[in-house]
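The values are calculated or read from the model by the stated rules, or taken from the named source; none is laboratory data. No experiment lies behind these values; they were computed from the predicted model shown. Note: ideal-geometry Cβ built from the backbone for every residue, glycine included; neighbour counts use all protein chains shown.
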Amino acid sequence: MRIIIKDSYEEMSRAAASVVRSQILLHPDCVLGCATGGTPLGMYRELVKDYRSGELGFSETQFFNLDEYCGLDPSNDQSYVYYMKENFFRHINAQPGHIHIPDGMTQDVAEACRRYDESISCHGGIDLQILGIGVNGHIGFNEPSACFYPNTHKVALDACTIEANARYFPSMEEVPTEAITMGIRPILQSGILLLLANGENKADAVFEALRGPIDPQLPASILQLHPNVIAVMDRAAAQKL
């Protein structure tokens, strides 16, 4: 595992973008696993700059998102379809047919999850998976549990996840309580895992994920089993390492 610690969120974002940039330059037709939330925003901004400068192109890249809320229409400004479009996809030359995001509006969750895993497999798996980490150690929306769930699945969101996400919604009552998330298997089968973390509130989760025992009660701890993890964080998130 390679750990990169930067002095600020901006420096962290540039370092994370450089990892993705290298992957795209070397393999323009790679499969990129995308994450949402506040942490990756700076990285996406840097990648958009690279596209606008002519340094990067994304026309051959396939994109698979980690997760999506259940019950939010893609047009809702808090859906992850909307997030990815507004913060990344509409600013680059991503091909619409290359964008894959779990269907949070499906009436057949089991079949939608099965098809999502099948699509990942049909594209040869994920080459570089971007990950954030929750304050409870979740990756994607794989919440603390009695076991590691291998496949894409529907999950009830943990109370602290709902509380953390409430800042994006007008009221706590409007925060989704369920989501569809990529499972642990395709994450661990990715060629490279790029873990991002910033802020003092992530310090405990980062320490337990990288230095604690492997435990499904802290899902990110499973990353210790992966042979090629690049963890990029600011000093506040890394303070307990």
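Among the residues of the stretch 117-126, is any farther than 19 Å from Ile187 by Cα, buried (at least 18 other Cβ atoms within 10 Å of the Cβ) and in contact (Cβ under 8 Å) with a residue 40 or more places away in the chain?
Taking every residue of the stretch 117-126 in turn, none turns out to be farther than 19 Å from Ile187 by Cα, buried (at least 18 other Cβ atoms within 10 Å of the Cβ) and in contact (Cβ under 8 Å) with a residue 40 or more places away in the chain.
Condition first: without any contact (Cβ under 8 Å) to a residue 12 or more places away in the chain and of a type in the set (S, T, N, Q). Now tell me which residues in the stretch 68-105 satisfy that.
Once the filter is applied, which keeps residues that are without any contact (Cβ under 8 Å) to a residue 12 or more places away in the chain and of a type in the set (S, T, N, Q), the stretch 68-105 yields Ser75, Asn76.
What number of residues in the stretch 185-241 are farther than 17 Å from Cys147 by Cβ, in a helix (DSSP H, G or I) and of a type in the set (D, E, K, R)?
Residues that pass the stated criteria total 5.
Residue under question is Arg185, and the condition is that it be within 16 Å of the chain's Cα centre (by Cα), within 18 Å of Leu131 (Cα to Cα), basic (Lys, Arg) and at pLDDT 95 or above; does it hold?
Judged against the criteria, Arg185 is a match.
From Ala209, Ala179, which residue is surrounded by 16 or more Cβ atoms within 10 Å (Cβ to Cβ), modelled with pLDDT of 95 or more and under 19 Å from Gly38 (Cα atoms)?
Only one candidate passes the filter, namely Ala179.
Of all residues in the stretch 128-171, which are buried (at least 17 other Cβ atoms within 10 Å of the Cβ), over 15 Å from the mean Cα position of the chain (by Cα) and either in a strand (DSSP E or B) or among the hydrophobic types (A, V, I, L, M, F, W, C) (or both)?
Phe148, His153, Lys154, Val155, Leu157, Ala164
Looking at Val19, Val48, which is the one that is under 15 Å from Phe89 (Cα atoms) and surrounded by fewer than 23 Cβ atoms within 10 Å (Cβ to Cβ)?
Exactly one of Val19, Val48 is under 15 Å from Phe89 (Cα atoms) and surrounded by fewer than 23 Cβ atoms within 10 Å (Cβ to Cβ), namely Val48.
For the stretch 22-44, what are the residues that are surrounded by fewer than 17 Cβ atoms within 10 Å (Cβ to Cβ) and under 16 Å from Val232 (Cα atoms)?
Ser22, Gly38, Leu41
I'd like to know if the stretch 109-118 contains one or more residues that are of a type in the set (A, V, I, L, M, F, W, C) and either under 29 Å from Ala237 (Cβ atoms) or part of a loop (DSSP other than H, G, I, E, B) (or both).
Taking every residue of the stretch 109-118 in turn, none turns out to be of a type in the set (A, V, I, L, M, F, W, C) and either under 29 Å from Ala237 (Cβ atoms) or part of a loop (DSSP other than H, G, I, E, B) (or both).
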